[in-house]
Amino acid sequence: MTQPPPGYGYPQQPPPYGHPPYPYPPAPVRRWWQHPAVIITALVVFPPGGIALAWLSGWSQTKKIIATVLAGLWFLTPFLGDPPKDNKADAKPKAAATASATITPSESASPSPTGPPSFVGKNLKDASAAAYGAGYNSISHDASDQDAGQWDDGNWRVCFQTLKAKKVGGKPTLDFGVVRVEWPCPAKDGEPIPYPKMPNVVGQSFVKASETLKPIGFEEIEPQSAYTDVTLPASVDNWKVCFQEPEEGKEIQYPKTTTAYLKLTAAGTACPKTEYTELHPDPTPPSGDDDDSSSPSSGGSSSGGSDAGTVTPGAYCSTPGSTGVSKKGVVYTCKGTGQERWRR
């Protein structure tokens, strides 16, 4: 008969104090890739791999979430930001811009090391305003020998400037020598203005003559026909200049209000000897018809008939339908409403 174990049938005694009632389970074995140092290194170097290792580790849920968020931000930051600027590439343009700003003059002239700013060449109105802004008062005078007043300072240009010895209103004062904007400056302050002179453009084509006259600044360059019975076409660029107005050598004092007239003839057509000439004049009548006094209509009217002889164009006639010939051999007819006249 099998013997019962010791203490069978009797209540079991509690284990001694400090000893567990049963043995602890064995601790799980930690792999090398679960080591915290390995996981943290992977999170920094290769965040996607580090996140995977963190979730396979024995870390708490909170640590895994924090590690995932931080590693994800670390991984995505280079892709979300702007690309870094190339400081070397920016250095040259900035230096060039600085140099350009240094050498480019502003609207108002910069002060010279030895005196006030220079306003020569500027409009008098702009020069006066810029001088005031630079701390100077200004006055003006006619730089030519004409001593004209500058009523509209926008129409005058500064040719000379001097610094007055006496201050005006407590400020140093500039005296501007000026001429009208369309005039050239004299060689010296107070000398006559060297007005431009009309060049000779006869014999040139219209387009070349226009280029020659352009620097003078005429208000208009108008083409006209050299022959009174020839009408100009739409384009006359290759037509030749036969006569010009103003004439060669004339001073042009007010080009902005002056029109240059060029009288032209077609290429291949000779110029007339004088102005106001017809290219195709009426035929010359026979010598026997030169004296209109023999005609009954020479006094301005005709007695009628189918042939009134020599008549005066535009003179009154009495028989409608009758015909006559002018001194130039042109046939005219007595017709018109009201009082008849010799008409073509």
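The values are calculated or read from the model by the stated rules, or taken from the named source; none is laboratory data. Model, not experiment: these values are computed from the prediction. Cβ sites come from the backbone with ideal geometry, for glycine too, and all protein chains shown count toward neighbours. Just the protein is used for accessible areas: all its heavy atoms, side chains included, with ligands, DNA and RNA removed. Shrake-Rupley method; radii C 1.70, N 1.55, O 1.52, S 1.80 Å.
If the chain between GLU219 and ARG344 were fully stretched, how many nm would it gain, using 0.36 nm times the residue separation less the Cα-Cα distance?
Extra length available between GLU219 and ARG344 comes to 40.9 nm.
Are any of the pairs LYS125/LYS164; LYS166/LYS256; LYS273/LYS327; LYS167/LYS256; LYS250/LYS328; LYS122/LYS167 more than 31 Å apart by Cα-Cα distance, and if so, which?
In this structure, LYS166/LYS256; LYS167/LYS256; LYS250/LYS328 lie more than 31 Å apart at Cα.
Please report the accessible area of ASP282 (heavy atoms, 1.4 Å probe, ligands and nucleic acids excluded) in Å², nearest 10.
Its accessible surface works out to 70 Å², give or take rounding.
Given H placed 1.01 Å from N in the peptide plane, which residues other than close sequence neighbours of SER138 have an amide H under 5 Å from its amide H?
LEU174
Going highest first, how would you order 266-278, 173-185, 139-151 by mean Cβ packing within 10 Å?
173-185, 139-151, 266-278
Expressed in nm to one decimal, what extension gain is obtained for the pair VAL207 and VAL120 from 0.36 nm per residue of sequence separation less their Cα-Cα distance?
Result: 27.9 nm gained on full extension.
Multiplying the sequence separation of ASP145 and THR162 by 0.36 nm and subtracting their Cα-Cα distance, what value in nm do you get?
That pair, ASP145 and THR162, stretches by 4.4 nm at full extension.
At THR258 and LEU70, where each label point lies 7 Å from the Cα along Cα→Cβ, what is the point-to-point distance in nanometres?
In this crude label model, THR258 to LEU70 measures out at 9.0 nm.
Compute the FRET efficiency between ASN155 and ALA270 as 1/(1 + (r/R0)^6), taking r as their Cβ-Cβ distance and R0 = 56 Å, and round to the nearest 0.05.
The value I calculate is 0.80.
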